[in-house]
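Here is the structure we will look at, set down as structure tokens.
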Amino acid sequence: MDRKIRIGMVGGGRDAFIGGVHRIALRLDGYYELVAGSFSSNFNNSKETGSNLGLDKDRIYETYQEMAEKESNRVDGIDVVSIVTPNHLHVPVAKIFADKGINIICDKPLAMSSAEAIELKKIIESKKIIFALTHNYTGYPMVRHAKHLIQRGDLGTIRVIQAEYPQDWLTTKAEDSGLKQAEWRTDPNRSGGGGCIGDIGTHAFNLIRFISGLEVDELSADIHTFVKGRLLDDNAQIMLRFKGDAKGAIWSSQVAVGNENSLQIRVYGEKAGIEWKQEDPNYLYYTKFGQPTQRITRGSESASKEANDSSRIPPGHPEGYLEGFANIYSDVSKELYSKINNQKYDNSKDCYPTIHDGIEGMRFIEKVLESSKNNSKWTVF
């Protein structure tokens, strides 16, 4: 293809954390060009953001509705839109762009409810839209290597999975301090029914599903709000029963003092176990029963092709968060190029999360809330 993929963005204006992350990620491998945007409900913010990014004035839009309409009618209109708004806008924005035939890359969680997510799925499928959900940790090379080991049978039958995602940034009532990131994440009208479980608990759940491939049968959840006056949960402890005989647990917290972004997962099978930590992402620890623990390094000969295809630089040079996002953008670019060029595409080996993962994430949130409201009753997933 003799041009880059033209991408637009909704959300991600001045002071927005995740929008800047997405912009770095989409530029990293050179497949995309950001050409349009409606970056904020405040048009002055949007204009300032777009100008700083070098966009043409006529492609900085006051509303996402105007952007979808005008971009869909341009000969050089966008091929895909990146949605990086607060949660309550994900589906409304996606519907507008999908209706215009524009492909979508959306931040997580997908929606405010599973019903809303399923409604969007119907539109996506009817319009034959490429839809990716940026559960970025699935883009980490050593996470992909962990998935490879389990698929290859190196661990044997899976018995136990432990995932946790503790942070401490909401230990105090930060939403009252003017911090926008805290304000919308603790507001049920913008975040949805889940606070901590929606923001980071879904990441831990998605990581379990991505690496192990196991499906949850039942769960028992105890969610709690420790900070007085907060409207949504800030701590969750969840037990899992998987189809088959495997057991698991998730702990997510945003009031765990001393933890910055401590996502980690441990998987134990009948033959071996693995451990991966997000804050030390370039290594995966693998232990066969009765043998010394092996440290597998990203980018090394000990890592799988699946992992090293997602690496850019030699081992010993850290890669992490931004590259994880970039891997999802790069994965999606292959399918986008095929669609733009009217070529057949085999997506059987794709790793990036789709709308199906988004729907499952919404069901996870709802079942956790249901269980916790019923005194942690075991609830069918």
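The table for this structure:
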{"read-out": "Estimated dipole of region 5-129 in Debye, rounded to 20 [Cβ of Lys and Arg +1, of Asp and Glu -1, Cα centre]", "value": "160"}
{"read-out": "In degrees, nearest ten, helix 141-152 long axis to first principal axis of the chain (Cα)", "value": "50"}
{"read-out": "Qualifying aspartates and glutamates (Cα of each under 14 Å from Cα of Lys95; at least 8 residues distant if same chain)", "value": "Glu66, Glu69, Glu116, Glu119, Glu125"}
{"read-out": "Given charges at beta-carbon only (K, R positive; D, E negative), |dipole| of the chain in Debye", "value": "560"}
{"read-out": "Between region 14-28 and region 249-299, the alpha-carbon center distance in angstrom", "value": "27"}
{"read-out": "The chain: angle of helix 90-99 to the longest principal axis, Cα-based, in degrees nearest 10", "value": "50"}
{"read-out": "Net lengthening on full extension, Arg295/Asn73 (0.36 nm per residue, minus Cα-Cα)", "value": "74.7 nm"}
{"read-out": "Region 5-129: C-alpha gyration tensor shape, a/c 1.5 cut-off, then a/b vs b/c", "value": "prolate"}
{"read-out": "Cut-off under 5 Å, modelled amide H: who pairs with Lys108 long-range", "value": "Thr134"}
{"read-out": "Candidates His145, His88, His224, ranked by Gaussian network fluctuation over the chain, Cα under 10 Å, top entry", "value": "His224"}
{"read-out": "Listed residues Gln151, Gln237, Gln162, most fluctuating in the chain (Gaussian network, C-alpha, under 10 Å)", "value": "Gln151"}
{"read-out": "Calculated mean projected area of the Cα convex hull in nm² (choose from (1) 28.2; (2) 19.3; (3) 16.8), label", "value": "(2)"}
{"read-out": "DSSP-assigned coil residues among chymotrypsin sites (Phe, Trp or Tyr not before Pro) in region 319-362, each with at most 15 further Cβ atoms within 10 Å", "value": "Tyr345"}
{"read-out": "Within region 65-132, trypsin sites (Lys or Arg not before Pro) in DSSP loop having at most 11 other beta-carbon neighbours inside 10 Å", "value": "Lys128"}
{"read-out": "Positive-pole candidate from Thr49, Tyr165, Gln65, dipole of region 38-170, charges at beta carbon", "value": "Tyr165"}
{"read-out": "Trypsin sites (Lys or Arg not before Pro) restricted to region 272-317 and DSSP loop, no more than 13 other C-beta within 10 Å", "value": "none"}
{"read-out": "Length-normalised contact order of the chain in % [C-alpha pairs under 8 Å, at least 6 apart]", "value": "20"}
{"read-out": "Net length gained if the chain between Asn45 and Ser113 were fully extended (0.36 nm per residue, minus Cα distance)", "value": "21.5 nm"}
{"read-out": "Given charges at Cβ of Lys, Arg, Asp, Glu: the chain dipole, positive-most of Phe17, Gln294, Thr225", "value": "Gln294"}
{"read-out": "Helix-only mean residue ellipticity at 222 nm for the chain, each DSSP H run of n ≥ 4 adding -39500 (n - 2.57), per residue, nearest 500", "value": "-10500 deg cm²/dmol"}
{"read-out": "Gain on full stretching of the segment that runs from Asp350 to Glu279 - 0.36 nm per residue minus C-alpha separation", "value": "23.0 nm"}
{"read-out": "Residues in region 208-250 that a label on Asn375 would reach, taking backbone N under 15 Å of a point 7 Å out along Cα→Cβ", "value": "221-222"}
{"read-out": "Choice from Gly258, Gly299, Gly12 with maximal GNM fluctuation in the chain (Cα, 10 Å cutoff)", "value": "Gly258"}
{"read-out": "Phi-based couplings in Hz for region 104-114 (Karplus 6.51, -1.76, 1.60; Gly and Pro marked x)", "value": "9, 10, 10, 6, 9, x, 5, 8, 9, 7, 5"}
{"read-out": "Between helix 202-212 and the chain: long-axis angle, C-alpha atoms, 0 to 90°, nearest 10", "value": "60"}
{"read-out": "Of Leu369, Gln278, Val380, farthest towards positive along the dipole that unit charges on Lys, Arg, Asp, Glu beta carbons give region 264-381", "value": "Val380"}
{"read-out": "Above-threshold pairs, the threshold being 23 Å between Cα atoms, out of Lys277/Lys305; Lys147/Lys271; Lys57/Lys180; Lys147/Lys247; Lys305/Lys349; Lys47/Lys121", "value": "Lys57/Lys180; Lys47/Lys121"}
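No lab work stands behind these numbers, since they all come straight from the coordinates. Keep in mind that what you see is a predicted model, and the values were worked out from it rather than measured. Positions of Cβ are generated from backbone atoms using ideal geometry, with glycine treated the same way; all protein chains shown enter the neighbour counts.
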